[in-house]
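The values are calculated or read from the model by the stated rules, or taken from the named source; none is laboratory data. All values reported here derive from a predicted model rather than from experimental measurement. Here the Cβ positions follow ideal geometry from the backbone for every residue, glycine too, while neighbour counts run over all protein chains shown. For accessibility, only protein heavy atoms count, side chains too; no ligands or nucleic acids. Shrake-Rupley method; radii C 1.70, N 1.55, O 1.52, S 1.80 Å.
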Amino acid sequence: MAPRSQRRRHKKPPSLVASGIKAPPTIVTPVPLSPLKPGPSIDTLGFFSLDNNVPGLSQLILQKLNMKSYEEYKLMVDGGTPVSGFGFRCPQEMFQRMEDTFRFCAHCRALPNGLSDSKVLRHCKRCRNVCYCGPECQRSDWPAHRRVCQELRLVAVDRLIEWLLVTGDFVLPSGPWHWPPEAVQDWDSWFSMKGFHLDATLDAVLVSPAVTTLWASVGRPRPDPDVLQGSLKQLLTDVLSWPLTLGLGLRALGIDVRRIRGSAVHVVGASHVETFLTRPGNYDELGYMFPGHLGLHVVMVGVDVAAGFSQSTSTSPEPGIIHLSAHGGLYHDFWEEEVETGQTDHPDLVVAFHPGFHSSADLMEAWLPTLLLLRDYKIPALITVYSHQELVSSLQILVELDTYITAYGANPFMSLKPEQIYSIPKKQPVYCSAYYIMFLGSSCHSQLEEKVDDGI
């Protein structure tokens, strides 16, 4: 490893803005997090960016959730308890309030408090996912909305089904892989391997009292069974996309997971999305993907990791065990404090889910030290993005930073659950980790090594 003084500096780029094998359960270290270190939060930037498309939307969300400030909202999504009157008298009120947080006219962007007495916001009867303040706005918006209406109808179902994860009524079905791991290359082969057993498990969830109570609470007609089972499958891929994408990186970059000391994967830029509802069994599939591994330690590092997830990063990997832990702060600080001092192992792979550095100068400035660190220390890295447009923008930035791109393309383990861009309801839904980019070191180093190998 090169000393810190030898790291190359780079100016900030222009604004571009096997069958029968059973893996032991994953372990999550239950240690409280220390106070987060200051740094730009993608959660914070994302929340207030809602106002760019619908002025006043962020305040509407806080109002409907009985919260006085964003700090209370952030405390809640991180797993804490707000200090004000957040809470609901019954499930019906909770679901109504949650739906009301994004209640605005999809055409003119009017909020409830900006309507005249003669107007009222009503849902599109087809998708029940967007609202209009009157027939005129709905007719004017139909040419754009018709392209996404059907998909947004399914998004509305997914949003309710996802509540079963929060309550613990939907536990991810998991079990040993009965196919050779190399035969499971995408979701089609994964679902084929799981077969009828998975379908029976999902059917049992659909007839459970929890689902009956859920639809009684929201006051909507219950969708057909095939729609609900499809929603559960999409939710399943959404959660398992994280560990299987880690596996994709380990496979593609040829990382040996059978080393005596085990292997370490660092997830950088982690937030409450990757940590708040993460349960020990969520990463079992990663163990089934690599039978015989000698220990996998997955460390979540980010300023937005959920409170109470874990903090310990010093646990030594054990054969057959996947250990999850977290660290609150920026990755380049974590590197200096934990990795360079030997308190945690050097990573075999670093992964960033949706880093977003292409979208904001503030985020690019925050990510630059980490990107340069990964490049200069030649650490195998993988990032994911939501769309082809983000893929192109991110590739351009990485090329300008002289990183050596080893592979990029569509992620075979992308989430199949569509995500609505709530403040821009006309926009086509996106899918988490739809594309990936892998890079290793710098292009300059790679070209030099090729010349040496060729005897030049």
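Before moving on, here are some points about what is shown:
- Every condition in (1) at pLDDT 95 or above; (2) more than 28 Å from Arg109 (Cα to Cα); (3) surrounded by 19 or more Cβ atoms within 10 Å (Cβ to Cβ) holds for Val385 except the one numbered (2).
- Meets criteria (in the same structural domain as Ser231 (by the TED database), open to solvent by less than 70 Å² (accessible area, probe 1.4 Å), assigned to a helix (DSSP H, G or I) and modelled with pLDDT of 85 or more) for Leu152: no
- Restricting Pro347, Pro355 to those that are within 10 Å of Val268 (Cα to Cα) and either in a helix (DSSP H, G or I) or not hydroxyl-bearing (Ser, Thr, Tyr) (or both) reduces the list to Pro355.
- Options Asp203, Asp188, Asp169; residue that is assigned to a helix (DSSP H, G or I) and either surrounded by 13 or more Cβ atoms within 10 Å (Cβ to Cβ) or among the aliphatic types (A, V, I, L, M) (or both): Asp203
- Checking each residue in region 329-355 for being within 20 Å of Pro243 (Cα to Cα) and either modelled with pLDDT under 90 or outside the structural domain of Asp304 (by the TED database) (or both) picks out only Asp345.
- Region 100-121, subset within 15 Å of Ser140 (Cβ to Cβ) and in contact with a strand residue (DSSP E or B) (Cβ under 8 Å, 6 or more places away or on another chain), residue surrounded by the fewest Cβ atoms within 10 Å (Cβ to Cβ): His107
- Tallying residues that are open to solvent by 60 Å² or more (accessible area, probe 1.4 Å), out of contact with any Leu (no Cβ under 8 Å at 6 or more places or on another chain) and outside any loop (DSSP other than H, G, I, E, B) within region 401-431 yields 1.
- Set Tyr386, Tyr283, Tyr288: member being within 22 Å of Gly46 (Cβ to Cβ) and among the hydroxyl-bearing types (Ser, Thr, Tyr): Tyr386
- Exactly one residue out of Ser208, Ser217, Ser263 is in contact with an Asp or Glu (Cβ under 6 Å, 6 or more places away or on another chain) and open to solvent by less than 30 Å² (accessible area, probe 1.4 Å): that is Ser263.
- Residue check, Gly195 of a type outside the set (S, T, N, Q) and part of a helix (DSSP H, G or I): yes
- Leading residue by the ranking (modelled with the highest pLDDT) among those in region 44-77 that are of a type in the set (Gly, Ala, Ser) and in a helix (DSSP H, G or I): Ser58
- Residue list for region 122-149, restricted to those being closer than 23 Å to Gly219 by Cα, out of contact with any strand residue (DSSP E or B) (no Cβ under 9 Å at 6 or more places or on another chain) and open to solvent by 20 Å² or more (accessible area, probe 1.4 Å): Lys125, Arg126, Arg128
- Test result for Asp238, under 21 Å from the mean Cα position of the chain (by Cα) and of a type in the set (Asp, Glu): yes
- Only a single item in (1) part of a helix (DSSP H, G or I); (2) open to solvent by less than 20 Å² (accessible area, probe 1.4 Å); (3) hydroxyl-bearing (Ser, Thr, Tyr) is not met by Ser393, and it is number (2).
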